[in-house]
Amino acid sequence: HAKDIGKNNFQFFQRDMNDRALERLALENDLRRALLDNAFTLHYQPQFDCLEGRLVGAEALLRWQHPQRGAVSPAVFVPIAEEIGLIGALGDWVLDTACRQLADWHAAGQKLPRLAINLSGRQFIEGGLVEQVAAALQRHAINPQWIELELTESILLDDVVGTMRTLRRLNALGVSIAVDDFGTGYSSLSYLKDFPIDTLKIDRSFIAPIDQDGADARLVEAIIALGRSLRLRVIAEGVETQAQLQRLCELDCDEVQGFYLGHPLPAERFFAVALSGP
Ligand code: C2E
Ligand code: MG
Ligand code: MG
Ligand code: MG
């Protein structure tokens, strides 16, 4: 009977919902534990300048090795950490760990010029961010000019007044600010002149097709020109091929980052690989 089938479907549906809710709950608990168990690490992806191919910096990327599931993507667990109120503590761990690593490298004579650290929107809203950054810099005797904080356009939209105040205070600390995934948000461009921003990071969705299609290359060219006229540094993320690299250099992009130039790596392996080039 149709009615029975409907009822069965409903039961399946409900079981599916329960499974998913349970799975989600388990993931939340594991995430809370992970901070106590030291299950997070940072990997580092190199960034190069186009002109001379020199190593100019790295981006710190969060990694979570789950005891049963294996590696879980930050694209999955960062939003959950935000929802369950864990991002403040996790973000602080990232700041501290990244600054400690940078200090260790400098002490060992490996003077990485810049380290980029990702921030989530929640860290802006929850407060205490500026204090966390200042404390991490001081704790590890980090020159603020070595640090770039990456944030997405959506942060700039959420709470304009609050974000402006926070960005000005971060700027006053001496760290620089990059707009990550530039071009994918829905924000107006006017924030670029109002906020204290140093760098545009062109989203990889624009980079992927630039060696095939004319319109995409012209879009990237326009973003680079925009950055140039506002005196912003422009970096392209997601560079995967020699052709993309060459095209970006022809378009006068300042810096490049991507699998073609180097994958994110644990700190111990970063310098050996990053300095050997593509
Ligand atoms: P994102 O900041 O835009 O980071 C770039 C992402 O692209 C990284 O993914 C990186 O591994 C990947 N990637 C780099 N080069 C290439 C390439 O050539 N091709 C392709 N297809 N991908 C490339 P990942 O590490 O999985 O991170 C994903 C996102 O998670 C990041 O995007 C960032 O939004 C967030 N995230 C990572 N670490 C942190 C963190 O410490 N704090 C916060 N709040 N978010 C983080
Ligand atoms: Mg980033
Ligand atoms: Mg990005
Ligand atoms: Mg991205």
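The values are calculated or read from the model by the stated rules, or taken from the named source; none is laboratory data. Values in this document were obtained by computation on a predicted structure and should not be read as measured data. FYI the Cβ positions are ideal-geometry reconstructions off the backbone, even for glycines, and counts take in every protein chain you see. Accessible surface areas use protein heavy atoms only, side chains included; no ligands, DNA or RNA. Shrake-Rupley method; radii C 1.70, N 1.55, O 1.52, S 1.80 Å.
Structure values in brief
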| read-out | value |
| --- | --- |
| Isolated Cys in the chain, by beta carbon distance under 4.7 Å | CYS99, CYS253 |
| Taking the C-alpha atoms of segment 144-234, convex hull volume expressed per residue in Å³ | 90 |
| Sum of side-chain charges, GLU150 neighbourhood, beta-carbon under 15 Å (Lys, Arg +1; Asp, Glu -1) | -4 |
| Solvent-free Debye scattering, log10 I(q)/I(0), computed from the Cα coordinates of segment 187-278 at q = 0.11, 0.22 Å⁻¹ | -0.35, -1.06 |
| Net charge contributed by nearby residues that have their C-beta within less than 14 Å of GLY127 (K/R +1, D/E -1) | -2 |
| Distant-in-sequence amide H partners of LEU265 (H built 1.01 Å from N, under 5 Å) | TYR44, GLN45 |
| Accessible area (Å², per residue) of segment 23-181, counting only protein heavy atoms and a probe of 1.4 Å | 45 |
| Cβ crowding within 10 Å averaged over residues, with 34-42, 120-128 ranked highest first | 120-128, 34-42 |
| Extension reserve of the GLU83-ALA26 stretch, reckoned as 0.36 nm per residue once the Cα distance is removed | 19.1 nm |
| Radius 14 Å from Cβ of GLY85, net charge of other residues (Lys, Arg +1; Asp, Glu -1) | -3 |
| Net length gained if the chain between GLU52 and GLU240 were fully extended (0.36 nm per residue, minus Cα distance) | 65.8 nm |
| Residue-span extension gain [ARG231 to ARG218] - 0.36 nm each, minus C-alpha spacing | 2.7 nm |
| SER188-ALA39 FRET efficiency (beta carbon distance; Förster radius 45 Å; 0.05 resolution) | 0.65 |
| Kirkwood-Stokes translational diffusion coefficient of the chain, alpha-carbon pairs, 25 °C, 0.890 mPa s, µm²/s | 121 |
| Percent accessible area from carbon and sulfur atoms, the chain, protein chains only, probe 1.4 Å | 53 |
| Nitroxide proxy distance, nm - points 7 Å out along Cα→Cβ at GLN138 and ALA107 | 2.0 |
